[in-house]
Amino acid sequence: MVITANWLEQFYISVNCETIAIINCRNSTFKSGYYNDGTTIKINQYQYINSTERLMVSPKNYCIVVNSPINVTLSKILQYYVCIVLPNGTIKGWFNANSTITLPQKIEVNGVIYVLKGSNQIIISHSGVIKPCYLVQQCTSTTTSTSTTTSTTSTESTTSTSTTSSSTIPSTTTQSTPSQITHVSTSVYLPIVISVMIAIVIGAVILIKRK
C-alpha cells in the first residue's frame, strides 16, 4: 500500500490590525496567521460601517499574493458623510473624523451679503446635516453735510484764521471802507441852471431889440 502525502507550503503573514479583505475571491477577515502559498489577498480602500460612516484603509487598494512571509502594516481612518448648508448652496462629502472645516465669514448671494455668526471653524465629530448660522448684513447709509463758514473782519489790518486738527482752512478777510462817499443829487442844482439859462435868453432878446 502506497500512501502519497500532499504537501502545501504556507507562509506566516503578520498584520498590525484586523480588517475585511477579499481572500481568494471571498470576503473574509484578514488577520495575522499562516496562509497557503499562492493565496491572493485584496484589501479595498473603503470599508463601509453604514451609509454615513466608513473606514478609509491605507495603503490604497492593497493587494498581495502570498509566496513568502510578509509583514503588513495598515492604517484606518474613520470618515463621516456630512452635508453643510450655506446661503449659496450645500457642501456634501466624506470628511475625516476630528478634521476641521473653515467656513467663509461672508457670502454674497444676488447682492445680499450674509455674515457668519460665531466661529468659522467646524470640527467633524459625527455624520449628518450642519447648518451654520448666517445673518443678513444690515446696510446703513450715513450722510455728512459740510457747512462753509466765512469770517469777516471790520478792521483794515486784522486777519482771522481757523484751524482744525491736521488740516488748516484759511478764512476769507474783507476790509471795509473807513468812510462812505457822499453822493449829491443833481436835482438840487437843476432849478438854478434853468434860471440862468432863462436870464441869458431874455438878455439876448433885449439886445436884439435895441439894435
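Tabulated data
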item	result
Residue match in the stretch 19-30 (condition: assigned to a loop (DSSP other than H, G, I, E, B) and not aromatic (F, W, Y))	yes
All positions within the stretch 31-57 that are part of a strand (DSSP E or B), without any contact (Cβ under 8 Å) to a residue 24 or more places away in the chain and either farther than 23 Å from K92 by Cα or more than 54 Å from the chain's Cα centre (by Cα) (or both)	G33, K42
Residue count for the stretch 83-100, restricted to those that are under 13 Å from K131 (Cα atoms) and assigned to a strand (DSSP E or B)	8
Candidate set from the stretch 1-21 (those that are under 55 Å from the mean Cα position of the chain (by Cα) and among the hydrophobic types (A, V, I, L, M, F, W, C)); member that is surrounded by the fewest Cβ atoms within 10 Å (Cβ to Cβ)	C17
Hits in the stretch 44-56 - residues which are modelled with pLDDT of 95 or more and β-branched (V, I, T)	T52
Qualifying residue in the stretch 26-41 (condition: within 20 Å of S127 (Cβ to Cβ) and not polar (S, T, N, Q))	no
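The values are calculated or read from the model by the stated rules, or taken from the named source; none is laboratory data. Source: prediction; values computed, not measured. Methodologically, a virtual Cβ is constructed for each residue, glycine included, from the backbone with ideal geometry; neighbour enumeration extends over all protein chains shown.
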